[in-house]
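Contents: one structure, followed by commentary.
The values are calculated or read from the model by the stated rules, or taken from the named source; none is laboratory data. None of these values were measured; they are calculated from a predicted model. A quick note on method: Cβ atoms are made from the backbone with ideal geometry, for glycine too, and the neighbour counts reach across all protein chains shown. Note: accessible area is taken over every heavy atom of the protein model, side chains too, but ligands, DNA and RNA are not part of it. Shrake-Rupley method; radii C 1.70, N 1.55, O 1.52, S 1.80 Å.
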Amino acid sequence: MLKVNKVLNKIMLSFNNIKDEGAIALGGALKTNKTLKKLELEYCGIGPEGGKALASALSESSAVLTTLDLRDNQLTNYGNDMSGVLAIADALKVNAVLTSLVLKSNMIGVDGSKALASMLKVNRVLTSLNLRNNRIGPEGAKALADALRVNAVLTLDLSKNRLCGVYLRYGKEGEQLGTLDPSGIQALASALTE
């Protein structure tokens, strides 16, 4: 349907367990579709292979998608396989149309945030990036801070990412885990003043 559809500009498929197989099919369709601007794939069980297929579509010079929501998937297979996120970051180095990307709750960690930071240094089209709840930590925050020194057009959500190395245990009021490391927040603050 998407390969030949000339009218549909937004599709919401959230909470459908399409997994990698569905994402691969959508990635193929996006390579030829010239009308779809917004794609919502929240909670779809998409893993690294699906992420790579969507990245392949985003890297096409004919891409028209402006908004992609991949929140709460398994793009990194719970932190064990970064290939999907790395492919998306690489694709966005050449993509000239995507303005909004939501990767909330995909456990991208330090490696994923460093790849996205590298992308942000060259991408001037992306204006909104949601990385909420991805365990980025201080090292990921420092990488993103370096990117913000170059990319000043971005709205960036870094909520709930252990940016200072500490976090509260769920269900245990006030119990703090981790080791305090303010270097990530300090780097972000420094980037805001330059």
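Among the residues of segment 124-135, none is identified as surrounded by fewer than 14 Cβ atoms within 10 Å (Cβ to Cβ) and either among the acidic types (D, E) or within 17 Å of V110 (Cβ to Cβ) (or both). For K38, the test of being basic (K, R) and on the phi < 0 side of the Ramachandran plot is passed.
The strands (runs of 3 or more DSSP E) falling completely within segment 136-194 that include 2 or more residues that are open to solvent by 30 Å² or more (accessible area, probe 1.4 Å) and not hydrophobic (A, V, I, L, M, F, W, C) map to 155-157, 176-178.
Just a yes or no: is a residue in segment 97-109 charged (D, E, K, R), in contact (Cβ under 8 Å) with a residue 12 or more places away in the chain and in a strand (DSSP E or B)?
no
Listed here are the strands (runs of 3 or more DSSP E) enclosed by segment 1-90 that have at least 2 residues being at pLDDT 95 or above and open to solvent by less than 30 Å² (accessible area, probe 1.4 Å): 67-69.
Here G165 passes the criteria (1) within 19 Å of the chain's Cα centre (by Cα); (2) farther than 19 Å from L92 by Cα except the one numbered (1).
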